[in-house]
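Below: the structure, in structure tokens.
Nothing in this text is a laboratory measurement; each read-out follows from the coordinates by a stated rule. Every value quoted in this text rests on a predicted model; they were computed, and no experiment measured them. All Cβ positions, glycine included, derive from the backbone under ideal geometry; neighbour counts span all protein chains shown.
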Amino acid sequence: MAEFLLRWFHYLGGITWIGLLYYFNFVQGPFMAEADPAAKSTATQKLLPRALRWFRAGAGVTFLTGILILGKRLGESPLGAAAWSTPWAITILTGALFGTLMFFNVVLVIWPKQQIVIASAKAVASGGQANAVAPVAARRAFLASRTNVVFSIPMLYFMGAATHYTLPGGGNHAAYWTGVLIVAALLEINALTATTGGTTKPIEKIPGVIVTGFVVWAIVYGIARAFLSA
């Protein structure tokens, strides 16, 4: 019963979180790019803070319940330490890795950077000066959000595959996790080192971010097939 309740809240939190992630990237972002300055300012001051609060809450509930589910399943396994190397564990932990990076992108990058943007918009609306660091903060929040869209595609696949289509449990686990961590780290570095100006990254376009997500899934799946065996 306890695990079922955790899963229920995990789904509710995840739907809220990922739904708002896609809203920000596929709906609000294009609107803000086309909106006139007055509409953009109003949305930044009044709409964005409300959406971000639900966004952060959804991420927090999803992450916390996910940790509790993993702890319960692995802690109660009769296999002991070997439970961490079962096909279920490898598959679910692959999804959890991307989900964890997404969570930290929310609480350490997207949320704080957007607070700078919101505060700057409010200052300008009150007759003050814009914060000079707001454009850089906005771009870093934007690329971190885009990176989370990329991560969400393999994350959702491996979360579902843990029940319906697990990865093999044998082979070279160290090589597998090294490859997955390198892929994730390269994408994360791309998000965290953003500056204003420069060339447009593929993930800045909606088709590009969707394609990149499936490419990352294919790479991780290919690493699994290369290093893990039944």
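A few points about this structure:
- Point-to-point label distance, Leu70-Asn190, nm (Cα→Cβ direction, 7 Å offset): 2.3
- Legend: calculated FRET efficiency, Phe4 to Ala33, from the Cβ-Cβ distance at R0 = 45 Å, rounded to 0.05, equals 0.60.
- Checked against a 31 Å cut-off, the cross-linked pairs Lys122/Lys205; Lys113/Lys201; Lys72/Lys113 give Cα-Cα distances beyond that limit for Lys72/Lys113.
- Computed Kirkwood radius, in angstrom, where 1/r is averaged over Cα pairs of segment 131-227: 14.7
- For segment 117-153 and segment 20-49, distance of Cα centres in Å: 11
- Viscosity 1.567 mPa s, 4 °C: Kirkwood-radius Stokes-Einstein D of segment 108-166 over Cα pairs, µm²/s: 97
- Hydrodynamic estimate: the Kirkwood radius of segment 43-112 over Cα pairs, inserted into Stokes-Einstein at 25 °C and 0.890 mPa s, corresponds to D of 178 µm²/s.
- DSSP-assigned coil residues among chymotrypsin sites (Phe, Trp or Tyr not before Pro) in segment 1-59, each with at most 16 further Cβ atoms within 10 Å: none
- Distance between the modelled labels on Phe214 and Thr200, one decimal in nanometres: 2.1 nm (7 Å Cα→Cβ projection).
- A P(r) calculated from all alpha carbon pairs of segment 2-227, with 5 Å bins opening at zero, reads 1, 6, 13, 17, 17, 15, 11, 7, 5, 3, 2, 1, 0 percent.
- Length-normalised contact order of the chain in % [C-alpha pairs under 8 Å, at least 6 apart]: 23
- GNM on the chain, alpha-carbon springs under 10 angstrom: the most fluctuating residue among Leu48, Leu79, Leu143 is Leu79.
- Cα-based helix-to-principal-axis angle, 173-192 vs the chain, degrees rounded to 10: 0
- Tilt relative to the chain, helix 134-164 - C-alpha long axis, 0 to 90 degrees, to 10: 30
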